[in-house]
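Reviewing the structure listed below.
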Amino acid sequence: RGGGLALGGGRRRRQRRRRRQRRRVEKRVGWLAMEDIAALQELLGQCSDQLREQPSDFRARSYLLPVLEKLQGTPETSELLRVRQHRHGAVLIAVAQDAVAACLLILAVLEDRAAAADGGGGGAASRGASPLPRLDALWPGVALRKQAEKLAAVTAAVAKGQDQWDPTTLIAGGALAAFWRRHFQGTIAVKVDELMAALAASYEPLSDGVQADLRAWLQPDTDGNVSVLDAVAVLDAPGPWRGILFCSSWPELFGEELRQALLAAGGDRHLALTAADLAAEALTRRCAVLLPGWSRRRLCSSRRVFRALRTVGMTAAVDIAKGGLLLQFPFDGPPQSLQNPNSALMQTLFELTGETDVVACSVGRVSIALCVSEEAARLFRIRDERSRHVAMAAIQRRTRLKDWDDLEEMLELQRRHKAFVKGRLSDGGGNAEAHELASALAAGTALAA
């Protein structure tokens, strides 16, 4: 009897331990609890309704709406029930939650843009044309396509079986997908030490300080594991090297501004600026906002806000001397929406993150160029021409790592494009003319790479 009680007690302890581990995983990987499928279905329905309200020529409807409806279904036939039974169901559910939330944020940006174009939003349109009109126009469609690919990968994980499924399909960025496939083929979560070693082998040895910064942003679990979802949030910036710079050495993300700061050698940075540089700085100032009361440390701990800002295009987060956090974007649409508490983007952000104090304001006379100049004076000790040459040579050498990531992005784009064309040809039966067109399209993609 004593042995039986001991055996039963051990079984119960193991069951309790498994339940605790599962709760930890569910708390980390998702914005919603894993059991709260109904809440996720509600988000899916909300996103589907917004897509149906878009004009008939809205391209995202054709490829995003079918996968949303397939995942949503009914409470009895929802694809999420099958996803939940997958071996990696917790991570897959979290990826679906993250993708649907990203779609809602992007659609909110489009709604604010339409309101500004009508003259009622007081946004970028009322302040003049966007400084990067082509990028600002193309970004929402590209971002929605990436989220559609993630949702399609979630459903494919169930359809292909647990042994044939490739976790890299959850990664939209080409450089990070190639990196993950090269080092962690078929793995959905890795030890953080193994991830650091792989990054050092692919780029350059990482100092203890850089590794500490990366660990803080990646936030591994109690077992030291980093899921593919956390890796995407931090390292797909795009490309792992830009993610490393975001966490550890953000001034190197802005090569021209850093070059100007090094030429000034700690003096007045305006001495190295031309009239064109001053005009460019004014444009980048419009693409930035200030979050009072926030810091990089707080943003690192608030994963929901961090992922939401990444979704709408944040490229850098900088602590400023007077207090607050400067957020830099490549275009001026989201920054203008973040300054309006009544905008669709802010309302969606409040609903998804639960943070009510993420209200931005104008940066005033502060700019990313000024922040880079102040940080460069601390990072680089420019005493003479030789020390300036050494610093600029080191920065130039590390710039090549960004170029390598860009090349990986293009090569992965070419690979996916070829797979897409082959799939379309197999669906339509294919003929000699179609195959010739596919070869020409693949050659054009290679030329662009």
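The values are calculated or read from the model by the stated rules, or taken from the named source; none is laboratory data. Just so you know, these numbers come straight off a predicted model, no measurement behind them. Quick reminder, even Gly has a Cβ in these numbers, built from the backbone with ideal geometry, and neighbours come from all protein chains shown. Only protein heavy atoms, including side chains, enter the accessible area calculation; ligands, DNA and RNA are left aside. Shrake-Rupley method; radii C 1.70, N 1.55, O 1.52, S 1.80 Å.
The table for this structure:
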quantity	calculated
Selected residue (only one of Arg415, Arg400 is within 25 Å of Ala264 (Cα to Cα) and out of contact with any Cys (no Cβ under 8 Å at 6 or more places or on another chain))	Arg400
Which numbered condition Arg215 fails, given (1) over 24 Å from Leu413 (Cβ atoms); (2) in contact with a Ser or Thr (Cβ under 9 Å, 6 or more places away or on another chain); (3) assigned to a helix (DSSP H, G or I); (4) of a type in the set (D, E, K, R)	(2)
So Leu71, is it more than 22 Å from the chain's Cα centre (by Cα), modelled with pLDDT under 75 and farther than 30 Å from Leu338 by Cα	no
Sole exception among (1) open to solvent by 40 Å² or more (accessible area, probe 1.4 Å); (2) part of a helix (DSSP H, G or I); (3) out of contact with any helix residue (DSSP H, G or I) (no Cβ under 8 Å at 6 or more places or on another chain); (4) not acidic (Asp, Glu) for Ala200, by number	(1)
Lone unmet requirement of (1) open to solvent by 40 Å² or more (accessible area, probe 1.4 Å); (2) of a type outside the set (Asp, Glu); (3) not in a loop (DSSP other than H, G, I, E, B) for Lys322	(3)
Failed item in (1) in contact (Cβ under 8 Å) with a residue 12 or more places away in the chain; (2) surrounded by 14 or more Cβ atoms within 10 Å (Cβ to Cβ), with Gly364 passing the rest	(2)
Any hit, region 278-288, residues being free of Cβ contacts under 8 Å to residues at least 60 places away in the same chain, of a type in the set (D, E, K, R) and under 20 Å from Leu253 (Cβ atoms)	no
Residue match in region 327-350 (condition: touching a strand residue (DSSP E or B) at 6+ places or on another chain (Cβ under 8 Å), outside any helix (DSSP H, G or I), surrounded by fewer than 22 Cβ atoms within 10 Å (Cβ to Cβ) and not hydroxyl-bearing (Ser, Thr, Tyr))	yes
Unmet requirement for Asp221, which otherwise passes all of (1) open to solvent by less than 40 Å² (accessible area, probe 1.4 Å); (2) in a loop (DSSP other than H, G, I, E, B); (3) in contact (Cβ under 8 Å) with a residue 60 or more places away in the chain	(1)
The one condition in (1) under 26 Å from the mean Cα position of the chain (by Cα); (2) in contact (Cβ under 8 Å) with a residue 12 or more places away in the chain; (3) surrounded by fewer than 16 Cβ atoms within 10 Å (Cβ to Cβ) that Leu379 fails to fulfil	(1)
Hits in region 190-232 - residues which are hydrophobic (A, V, I, L, M, F, W, C), farther than 24 Å from Arg398 by Cα and out of contact with any Pro (no Cβ under 9 Å at 6 or more places or on another chain)	Val190, Leu229
Residue under evaluation Arg298, criteria (1) in contact with a helix residue (DSSP H, G or I) (Cβ under 7 Å, 6 or more places away or on another chain); (2) surrounded by fewer than 20 Cβ atoms within 10 Å (Cβ to Cβ); (3) within 21 Å of Cys247 (Cβ to Cβ), criterion not met	(1)
Flag if Gly186 is exposed (fewer than 14 other Cβ atoms within 10 Å of the Cβ), assigned to a helix (DSSP H, G or I), at pLDDT below 95 and not aromatic (Phe, Trp, Tyr)	no
Some residue of region 25-34 being crowded, with 17+ Cβ neighbours inside 10 Å and modelled with pLDDT of 75 or more	no
Complete set of residues in region 351-361 that are buried (at least 19 other Cβ atoms within 10 Å of the Cβ) and free of Cβ contacts under 8 Å to residues at least 60 places away in the same chain	Thr353
Qualifying residue in region 42-59 (condition: part of a loop (DSSP other than H, G, I, E, B), modelled with pLDDT of 60 or more and either under 25 Å from Gln219 (Cα atoms) or among the basic types (Lys, Arg) (or both))	yes
